[in-house]
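Bear in mind that the values in this text are calculations on the coordinates, not laboratory data. Source: prediction; values computed, not measured. Glycine also receives a Cβ, built like all others from the backbone with ideal geometry; neighbour counts cover every protein chain displayed.
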Amino acid sequence: MRLPHLLALSLFAALAFSACNTASPTSGTNVATSPAVIGGTSSPSPSPAPSPTPSPLPSVGVDPAALHGLTIQVWQAFAGPAEDLFTNQVAQFNAENQWGIVVADSGYGDYTSLFDAMNSALAAGKSPDLVEALPEQTLAWQSLGKVVDLQPYLADPL
């Protein structure tokens, strides 16, 4: 019973931390090549000219200024220490994020309750912004056309 909670928390943390990484380890670097050997003598290979790095543009079409004060409702099914860890991470994010986004966390204590509440919310047209759920639950909602791919948001340079 604890493994699904820890796995889900690990996946959420991986997504959250990958979203914080805005630069690749090689971006903006110019790697010099080693000297080439021509006819038994060594001559340096020319280094490519550095190119300017363009300013990142939002790829998801969201103006970062419009995010200030935005509240995101998150539903989750953590319990015990996993829930404590999640709520601490939410509090830290709310206090430190540069966009002024506020995450409102609603805990359901178990995945069955969360699934039932989400199905009711979908039927009423009032679903949360983000749900931490089991893969099979997400697939059920995807079959209804109610799942959004978050990869563009995670890959967004801003």
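Sorting TRP99, TRP141, TRP75 on the 10 Å Cβ count, fewest up front, what's the list? Before the final figure, lay out each step's value.
On the way: TRP99 14, TRP141 17, TRP75 21.
Ordered by Cβ neighbours within 10 Å, fewest first: TRP99, TRP141, TRP75.
Taking label positions 7 Å along the Cα-Cβ direction at both LEU122 and ASP84, the computed distance is 3.4 nm, reported to one decimal. Working from label points 7 Å from Cα in the Cα-to-Cβ sense, the LYS146 to VAL102 distance is 2.6 nm.
Exposure proxy ranking for LEU114, LEU130, based on other Cβ atoms within 10 angstrom of each Cβ and starting from the fewest, stands as LEU130, LEU114.
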